[in-house]
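Take a look at the structure below.
Just so it is clear, none of the values below were taken in a lab; they were calculated from the coordinates. The model shown is predicted, which means the values in this text are computed figures rather than measured ones. All Cβ positions, glycine included, derive from the backbone under ideal geometry; neighbour counts span all protein chains shown.
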Amino acid sequence: MRKTAWILVGVLFSFALLVRPFGVDDEIWQNGLNKIEDMMNLVQRAYYKPVNENDLAQEAVKGMLQTLDPHSYLLEPDSFSRMAEEQRGKYFGVGMQIQKQAGQLVVVSPMEGTPAWRLGVQPADIISRINGEDTQPISAQDAVNKLRGPKGTKVDITFIREGLAKPIELTIERAEIPLYSVPYAFLLPGDVGYVLIRYFAEATTEELRAKLAQLTELGMKSLILDLRGNAGGPLVQAIEISDLFLPRNEMVVSMKGRNRAFDRDFAALRSDPYEKVPLLVLIDQGSASASEIVAGAIMDNDRGLVVGADSWGKGLVQQMFPLGPDMAVAITIAKYYTPSGRSIQRDYSRLDDYLLDKVAADKPREVKTTSKGRKVLGQGGITPDVAVPFTLKTYTFELRGRGAFFAYTRKLVSHLTPLGKTLFFPGDPAGGSKGRTPVAKPFLADDRVLEDFRAFLRAGSFDVDAKRFKEAEPDLKRELEREIASALWGQEEGWKAFERTDPQILRALELVPEAAKFIE
């Protein structure tokens, strides 16, 4: 076997020793490991065709991890690189948000100040070739991998832009591109601050502090912390963010595992001005791990209200163990427990149910009490104080997945739809305002917009079912308002437009007085 594969197998053996169950004799365990080595050598000698040694070793590691739990896994080079970029909060590339739409690789938005933005790349540009390679057969993630690379290196990109007879050929030098885990913060009616935490990374607490300071200067009197769709990240960030809102010495989370070296209790360590701000935390089925730690700490300490839908239910803690410069294994080392002492881990004995259903099993759940005696449940994620169902219609998902809202918006703001020809948008040449209606914030998707959108769908290859369209109208309006506001005023304005009619946001605003009672 080659050196790299031997290193992997060696790490596999070391890892196996790490997870060896108590009570298993060292000699018996080592004999089992020797059998793994013998099996790999046998495959190399006897299999009917050559086998890649590195692939064989990686699959051996994966096989071992699959016997543990759904959250112990191998990070191969591509996934390891993406995780490292997210955690560091930066990567090296050209600075474009892209997605696959109808088989084409489309620029959703160039990021301001990046190389792509400075060279004039525009939303809706189609990337037809990367370094001479056709992009149609590759996925959006494959394209991302090709666009990223070492700082200072260059990539050749061919763009097709509607209205231009010839493609645009650009050579773009890669640069450092920042990633923000706390992208949006603004005031809602009633001086209620809103902050979205998209995921947890090394700089999340620092980013959140900066956003909270901005909102405080604007007059924030209470706060909605949006953790919906946030799948988690480093434990330390969950602890530090909880600390921002909890009084000193309040318990945040505890860890307990087979190896007592991993047993820890984490409490709030500092005093912050946000401990007296009425707080509401939004969660849904996409909120997991670190998000659930924050929501559980706020709920169990009776610090604020949790609103939305049941969270994922991941109560296991992983630690990264390096296998080399670009590989690692994430191993579950402990369970974590919220301040009331509950584990929120869902049953994963039936893996399909765990991964697909995302709801707690229909059986009794552990009951604990908060610091003020309220009952809270374990074994099924964080069940919110106030449940507010919010699901998009299937028709909306279908149109979103095919890029219909984005494609329509680009035509509307380019005056290429019947309604678009009657409107004057910000950024249009001054001479184009004659006979057109100026558009101002907030842009509302009224009946004229819906009819224009319906005509766009009919002209294309989109299904227009009158009944499904009517049932989905609230969703369609929200999606259109977000896309159009994003196109006219930027991504944060688009997000603000979307949240303006979000049922969970609207309910949270109603609950601000209730949340304030927790700090009286």
DSSP bridge orientation in the chain - percent antiparallel, rounded to nearest 5 = 75
Helix-only [θ] at 222 nm, the chain, -39500 (n - 2.57) per DSSP H run of 4+, per residue, nearest 500, equals -11000 deg cm²/dmol
Sticking with the crude label model, points 7 Å out along Cα→Cβ, report the distance from GLN66 to LEU187 in nm, one decimal please.
-> 5.5
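Count neighbours as other Cβ atoms within 10 Å of each site's Cβ, and list the trypsin sites (Lys or Arg not before Pro) in segment 435-520 that are DSSP loop with at most 16 such neighbours.
Taking segment 435-520 and a limit of 16 other Cβ atoms within 10 Å, the loop trypsin sites (Lys or Arg not before Pro) found are ARG436.
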When each of LYS368/LYS517; LYS477/LYS517; LYS221/LYS470; LYS256/LYS393; LYS49/LYS314; LYS211/LYS467 is checked by Cα-Cα distance, pairs over 32 Å | LYS477/LYS517; LYS221/LYS470; LYS256/LYS393; LYS49/LYS314; LYS211/LYS467
Ranked by how many other beta carbons lie within 10 Å on average, peptides 129-141, 64-76, 378-390 from highest = 378-390, 64-76, 129-141
Using Kirkwood radius over Cα pairs in Å as the read-out, say which of [x] 26.0; [y] 24.2; [z] 30.8 was calculated from these coordinates.
-> [x]
Please work out the FRET efficiency for the pair VAL386 and ALA455, using the Cβ-Cβ distance as r and a Förster radius of 51 Å; give the result to the nearest 0.05.
-> 0.80
Quick one: length gained pulling MET320 to PHE397 fully straight, 0.36 nm per residue minus the C-alpha distance?
-> 24.2 nm
Cleavage-rule hits, trypsin sites (Lys or Arg not before Pro), segment 242-303, DSSP coil, Cβ neighbours within 10 Å at most 14 = ARG248, ARG258, ARG270
